1. Looking only at the stretch 279-300, filter to residues that are buried (at least 16 other Cβ atoms within 10 Å of the Cβ) and out of contact with any Leu (no Cβ under 9 Å at 6 or more places or on another chain); which one of those is nearest to Val106 (Cα to Cα)?
2. Please specify each residue of the stretch 36-49 satisfying the condition of being touching a residue at least 60 places away in the same chain (Cβ under 8 Å) and surrounded by 15 or more Cβ atoms within 10 Å (Cβ to Cβ).
3. Suppose we filter Thr154, Thr198, Thr181, Thr187 for residues that are buried (at least 22 other Cβ atoms within 10 Å of the Cβ), of a type in the set (Ser, Thr, Tyr) and within 16 Å of Pro266 (Cα to Cα); which single one remains?
4. If a residue must be at pLDDT 95 or above, surrounded by fewer than 19 Cβ atoms within 10 Å (Cβ to Cβ), touching a Ser or Thr at 6+ places or on another chain (Cβ under 8 Å) and among the small types (Gly, Ala, Ser), how many such residues does the stretch 57-114 contain?
5. Working carefully through the options Thr125, Thr175, find the one that is modelled with pLDDT of 95 or more and more than 30 Å from Ser34 (Cβ to Cβ).
6. Identify all residues within the stretch 169-190 that are small (Gly, Ala, Ser) and either under 12 Å from Leu222 (Cβ atoms) or touching a Lys or Arg at 6+ places or on another chain (Cβ under 6 Å) (or both); write none if there are none.
7. Filter the stretch 129-148 down to residues that are touching a Leu at 6+ places or on another chain (Cβ under 9 Å) and outside any loop (DSSP other than H, G, I, E, B) and give me whichever is farthest from Val186 (Cα to Cα).
8. Residues of the stretch 152-164 being in contact (Cβ under 8 Å) with a residue 60 or more places away in the chain and either over 18 Å from the mean Cα position of the chain (by Cα) or part of a loop (DSSP other than H, G, I, E, B) (or both), which ones?
Amino acid sequence: MPELSTDHSGATLDGAHSHGGPRYVSSRADRPTSFDPADIPVPRGREEEWRFTPMKRFAPLFDLDAIRAAAGAAQTDAGAVRVEADLPDGVSLETVPRSDARIGTVGAPVDRTGVTAWNGTETATVLTLEPGAQLERAARLNIIGQDAQLARPTAQHILVAAESGSRGTVVLDHTGTAALTQGVEVTVADGAELTLVTVQGWEDEAVHASNHRVKVCGRGVLKHVVVSLGGDVRICPDLGFSGEGGHIDAYGVYFTDSGQYQEHRPYVAHTEPHCYSRVTYKGALQGEGAHAVWVGTASSVRPPAAPTPTSSTATWS
């Protein structure tokens with residue numbers, strides 16, 4: 001009988017919390033957040049948020065020194081990851097220093113791979129849907145791994161910003177082989193409508209951890225879609241609101257094949273009144289050693305926010 005497993009899958013609603021407790025806690029709302037790697041040390045695998053993750057596979061993404069060394073080597077050699085863009089009218093793409101005022105505004109990293117992604121690169125890729133733009137087709141960033149030996153663990157930071165009145169779809173498509181730790185910031189302005197699709201279509205040997213930090217402002221609308229098909233992946237979307245009336249639909253689908261590990265941890269923080277979220281993930285497993293983990297959490301609304309609808313579901317087959 002093949003070994004198929006889906007550990008610790010569930011949806012929870014957190015109540016009120018106080019901060020200042022232990023560094024690693026079971027409540028998603030009480031996780032430490034920081035840009036300083038000293039504040040979020042290397043996990044040992046016994047922490048609640050890491051206890052299912054294959055630590056040896058993901059260990060290169062915890063090593064900030066190795067990631068910085070790979071970034072330095074990429075200045076002279078071909079990098080472990082390259083990015084190709086296919087953009088319609090109404091979209092701009094920039095490479096900016098990490099000190100750019102737009103970077104780091106959504107929130108601080110929430111785990112070790114998030115903090116190494118932040119500190120492991122000095123630049124960020126900024127993709128902007130310009131004010132009022134109505135995209136006729138999807139904007140695509142193709143993120144291509146070219147490190148078959150996984151010898152150069154790599155950090156990457158991306159900001160996707162949908163400005164006021166814009167509407168469109170952005171696709172982040174991951175292929176090839178790499179050991180990649182990634183931060184993705186997403187801002188949706190009041191009155192903007194964004195669909196963000198991230199596809200993990202890696203080769204089997206790839207290892208990818210990604211922390212999505214999302215802010216939907218005012219009556220902005222976000223559809224957040226995660227598709228995981230290949231490689232060992234750990235995707236942690238942290239979705240939140242700024243101002244009243246925001247709307248988030250978060251969808252995920254994953255197909256976990258023999259020997260693969262796929263982990264998805266969506267978290268929605270309802271801190272504003274009259275906001276809506278729905279989280280729906282579905283997955284299928286096949287083959288010896290296929291292993292998937294899903295943990296979905298929504299934080300409780302804190303005063304003065306009014307009651308706001310939220311739901312979370314997961315299905316496996």
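1. In the first step, residues of the stretch 279-300 are kept if they are buried (at least 16 other Cβ atoms within 10 Å of the Cβ); the result is 279-281, 283, 285, 290-299.
Checking the rest, the ones that are also out of contact with any Leu (no Cβ under 9 Å at 6 or more places or on another chain) come to 280-281, 283, 293-296.
Working: Thr280: 23, Tyr281: 24, Gly283: 29, Val293: 26, Trp294: 24, Val295: 22, Gly296: 20 Å.
Looking at residues that are buried (at least 16 other Cβ atoms within 10 Å of the Cβ) and out of contact with any Leu (no Cβ under 9 Å at 6 or more places or on another chain), I get Gly296.
2. Let us first name the residues in the stretch 36-49 that are touching a residue at least 60 places away in the same chain (Cβ under 8 Å), namely 36-37, 39-43, 49.
Those that are touching a residue at least 60 places away in the same chain (Cβ under 8 Å) and surrounded by 15 or more Cβ atoms within 10 Å (Cβ to Cβ): Pro37, Ile40, Pro43, Glu49.
3. Result of the check over Thr154, Thr198, Thr181, Thr187: Thr198.
4. Residues meeting the conditions: 1.
5. Values: Thr125 fails: more than 30 Å from Ser34 (Cβ to Cβ).
Among Thr125, Thr175, only Thr175 is modelled with pLDDT of 95 or more and more than 30 Å from Ser34 (Cβ to Cβ).
6. Ala189 - this is the single residue of the stretch 169-190 that is small (Gly, Ala, Ser) and either under 12 Å from Leu222 (Cβ atoms) or touching a Lys or Arg at 6+ places or on another chain (Cβ under 6 Å) (or both).
7. Gly145
8. Arg152, Pro153
The values are calculated or read from the model by the stated rules, or taken from the named source; none is laboratory data. Bear in mind that the values here come from a model prediction, so they are computed numbers and not experimental data. Glycine also receives a Cβ, built like all others from the backbone with ideal geometry; neighbour counts cover every protein chain displayed.
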